[in-house]
């Protein structure tokens with residue numbers, strides 16, 4: 001007995017769909033270039049290139065060699081926000097000592113209640129996430145009632161620790177600004193390797209301003225997020241990293257440079 005061609009095609013498609021649904025969900029992967037404590041200790045030159053960063057993700061944050069500004073990776077394009085406030089697209093051969101990236105495939109989108117301050121937005125996101133013990137890629141896009149960002153100027157050797165370099169930071173204040181604040185939420189146990197909690201960088205909608213996010217209040221903003229349960233850390237193989245003092249607790253320094261607006265204790 002011959003099976004009609006159309007019936008055969010239908011059964012084949014049904015079989016393939018059944019097999020596809022039976023496969024385990026692909027893990028969201030987060031790739032990090034160097035631990036945050038290396039950056040805090042003054043390891044500002046890295047063996048990694050922007051091209052390599054892009055091969056591991058189309059979404060993320062970081063910095064550039066000599067701590068030259070803030071990195072924003074959005075939709076596969078790597079931007080540099082400089083201390084003079086300018087923004088430029090970076091070539092693949094530019095180097096970085098620290099970056100964190102993922103291929104962003106959002107699982108959920110939510111409207112953030114209007115008027116919330118940064119700490120309240122973080123609480124809102126925490127309540128929406130399925131677990132506090134995973135990594136998450138987080139994207140906030142829309143209009144911010146106000147937003148404060150910073151960028152650090154290029155450093156000269158011998159490099160100072162990040163807490164000292166941050167005292168030279170330029171701070172940018174935005175009002176009613178459209179754009180995207182993106183980055184990662186990391187679990188508490190990652191202390192010393194990444195930033196526990198939220199680490200976000202901002203890019204204005206016209207791609208002409210931005211920086212490391214210090215504070216904000218939302219106007220009309222949409223949240224999208226993706227769980228990342230596959231974490232990979234790449235360690236530099238050069239002598240500067242090998243000689244760095246990574247045994248000390250740098251939690252106070254991290255808190256200082258992440259949220260302080262003046263770079264001072």
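Where a number appears in this text, it was derived from the coordinates with a stated rule and is not lab data. Because the structure is a prediction, the values reported are computed rather than measured. Reconstructed Cβ throughout: ideal geometry from the backbone, glycine too, with neighbour counts over all protein chains shown.
Does the range 158-170 contain at least one residue that is buried (at least 18 other Cβ atoms within 10 Å of the Cβ) and in contact with a strand residue (DSSP E or B) (Cβ under 6 Å, 6 or more places away or on another chain)? Checked against the condition, which is being buried (at least 18 other Cβ atoms within 10 Å of the Cβ) and in contact with a strand residue (DSSP E or B) (Cβ under 6 Å, 6 or more places away or on another chain), the range 158-170 yields at least one hit. Hey, among the residues in the range 104-146 that are in contact with a helix residue (DSSP H, G or I) (Cβ under 9 Å, 6 or more places away or on another chain) and in a strand (DSSP E or B), which one's nearest to residue 243 (Cα to Cα)? Only one residue fits best here, namely 135.
Within the range 108-153, the set of residues being closer than 25 Å to residue 233 by Cα, over 16 Å from the mean Cα position of the chain (by Cα) and surrounded by 13 or more Cβ atoms within 10 Å (Cβ to Cβ) comprises 126, 129, 152. Scanning the range 172-202 for residues that are surrounded by fewer than 16 Cβ atoms within 10 Å (Cβ to Cβ), in a strand (DSSP E or B) and at negative phi gives 173, 175, 178.
Quick one: is residue 254 in contact with a helix residue (DSSP H, G or I) (Cβ under 7 Å, 6 or more places away or on another chain), part of a helix (DSSP H, G or I), touching a residue at least 12 places away in the same chain (Cβ under 8 Å) and crowded, with 19+ Cβ neighbours inside 10 Å? Yes; evaluated as a whole, the condition is true for this residue.
Scanning the range 38-50 for residues being assigned to a helix (DSSP H, G or I) and out of contact with any strand residue (DSSP E or B) (no Cβ under 9 Å at 6 or more places or on another chain) gives a total of 2. Condition test on residue 167, is it in contact (Cβ under 8 Å) with a residue 24 or more places away in the chain, over 19 Å from the mean Cα position of the chain (by Cα) and within 22 Å of residue 43 (Cα to Cα)? Yes.
Number of residues in the range 179-205 that are over 23 Å from residue 109 (Cβ atoms) and out of contact with any helix residue (DSSP H, G or I) (no Cβ under 8 Å at 6 or more places or on another chain) equals 3.
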